[in-house]
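Worksheet for the structure shown next.
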Amino acid sequence: MNFSIGMTTKLKTGRLAGRWVKEVVVDRCHIAPSIAFACIAVFSGASAQAEPRQGEVRGVIELFTSQGCSSCPAADKLIGEYAHDPSVIALSLAVDYWDYLGWKDTLAMSGHSNRQRAYAKARGDRQVYTPQVVVDGAVHALGSDKTAIERAIRQIHEQNAALTLPVTLERTGDKLTVTVPASENEKGQAEVWLCPTTKAVTVAIGRGENTGQTITYSNVVRRWIKLGDWTGKAETFSVPVADFQNGSIDGATVLVQSGVASAPKLMLGAAQLAIR
């Protein structure tokens, strides 16, 4: 069950859109054709990586990427490195709005493009580009800039109560069980999502800007399954693995996020599990 949020924006394919693409490539990212804004890396400068406590998730990194974007392979590689960091949940979300450039992304979901636009609308900056990461549902940065990503993780945790919920994700037999504890500190609406993932997908790209390249994508999100809402009370959800597992899905991530799908906000808790 794929998800879809927000409104679909028509892609511009005229000369102006083409000029934007060429200019932004120089800045190491692609701007979405529906948003005529320059790409801005919002964080820079050196930052030290915080040392997480045992079992703590210090950051959720969503990479919006495309097989049709020549600026994305460096970010895809960086997410692959983050995928080996047990203190980080790093996810690849392939978008479809670059498909018109000559190569249809084999992993793309229109819901990912809508989610990226919903984030930009919620932040109020309308910044939509590739490669773009959104950290903890709150801050965006250039997907290939590790320094910017690390600084974003640190700043979010200094200023917000991100990822304070100790969410658990366990497999018992043929079921996954998600446990979200009670919290008096959280108010307002939040949603609980289960994302089946594939640890690594290698794609040989035959056309478009990455012609001839073979790229491996890490922790690729294949579906979005809403388990329910969370309003501060303890909740437990159970999902049969057979409901979503196929030949390529070998992992699962659960996200507890404030707001709603059409207006996503701060990530409150997250957990990840290999299911094969």
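The values are calculated or read from the model by the stated rules, or taken from the named source; none is laboratory data. For clarity, every value in this text was computed on a predicted model and none was experimentally measured. A quick note on method: Cβ atoms are made from the backbone with ideal geometry, for glycine too, and the neighbour counts reach across all protein chains shown.
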### Query
Taking the condition touching a strand residue (DSSP E or B) at 6+ places or on another chain (Cβ under 6 Å), touching a residue at least 60 places away in the same chain (Cβ under 8 Å) and not β-branched (Val, Ile, Thr), does ALA252 pass?
yes
### Query
Of these, LEU142, LEU169, LEU194, LEU165, which one is surrounded by 20 or more Cβ atoms within 10 Å (Cβ to Cβ), of a type in the set (A, V, I, L, M) and either over 18 Å from the mean Cα position of the chain (by Cα) or farther than 23 Å from HIS112 by Cα (or both)?
LEU165
### Query
Filtering region 218-244 down to residues that are in a loop (DSSP other than H, G, I, E, B) and of a type outside the set (Ser, Thr, Tyr), which residue is modelled with the lowest pLDDT?
PHE244
### Query
Only one of (1) over 24 Å from SER87 (Cα atoms); (2) in contact with a Leu (Cβ under 7 Å, 6 or more places away or on another chain) is not met by ASP125, so which one is it?
(2)
### Among (1) closer than 29 Å to ASP96 by Cβ; (2) assigned to a strand (DSSP E or B); (3) among the hydroxyl-bearing types (Ser, Thr, Tyr), the one test that SER144 misses
(2)
### Task
Search region 75-109 for residues being buried (at least 16 other Cβ atoms within 10 Å of the Cβ) and among the small types (Gly, Ala, Ser), and hand back the single one that is farthest from ALA152 (Cα to Cα).
ALA108
### Query
From THR179, THR164, which residue is in contact with an Asp or Glu (Cβ under 9 Å, 6 or more places away or on another chain), in contact (Cβ under 8 Å) with a residue 60 or more places away in the chain and either part of a strand (DSSP E or B) or not aliphatic (A, V, I, L, M) (or both)?
THR164
## Note on the structure
Out of (1) within 24 Å of SER87 (Cα to Cα); (2) free of Cβ contacts under 8 Å to residues at least 40 places away in the same chain, the one CYS195 does not meet is (2)
### Message
Condition (residue is within 18 Å of CYS72 (Cα to Cα) and buried (at least 17 other Cβ atoms within 10 Å of the Cβ)) applied to region 147-158: is it met by at least one residue?
### Response
yes
### Task
Specify which of the listed residues (GLY212, GLY206, GLY247) is modelled with pLDDT under 95, surrounded by fewer than 18 Cβ atoms within 10 Å (Cβ to Cβ) and part of a loop (DSSP other than H, G, I, E, B).
GLY247
#### Entry: For LYS12: the one exception among (1) at pLDDT 95 or above; (2) more than 26 Å from ALA274 (Cα to Cα); (3) not polar (S, T, N, Q)
(1)
### Task
List every residue pair whose Cβ atoms sit under 7 Å apart, with the two residues 6 or more apart in sequence or on different chains, where the first one lies in region 131-150 and is on the phi > 0 side of the Ramachandran plot and the second, anywhere, is in a helix (DSSP H, G or I) and of a type outside the set (Lys, Arg).
ASP136/ILE156
### Task
Look at ALA162 and say whether it is aliphatic (A, V, I, L, M) and in contact with a Ser or Thr (Cβ under 6 Å, 6 or more places away or on another chain).
no
### Query
Give me the pairs: first residue in region 77-103 and closer than 11 Å to ASN219 by Cα, second residue at pLDDT below 95 and outside any helix (DSSP H, G or I), beta-carbon distance under 9 Å, and six or more apart or on different chains, which are they?
ILE89/VAL57
### Message
Criterion first (without any contact (Cβ under 8 Å) to a residue 24 or more places away in the chain, over 21 Å from ALA94 (Cβ atoms) and not polar (S, T, N, Q)) does GLY173 satisfy it?
### Response
yes
### Query
Hey, among GLY68, GLY55, which residue is modelled with pLDDT of 95 or more and either under 27 Å from ALA271 (Cβ atoms) or not aliphatic (A, V, I, L, M) (or both)?
GLY68
### Message
Among the residues of region 56-70, are any part of a helix (DSSP H, G or I) and either surrounded by fewer than 21 Cβ atoms within 10 Å (Cβ to Cβ) or at negative phi (or both)?
### Response
no
## Note on the structure
The residue that is farthest from ALA161 (Cα to Cα), considering only those in region 251-276 that are at pLDDT 95 or above and outside any strand (DSSP E or B), is SER262
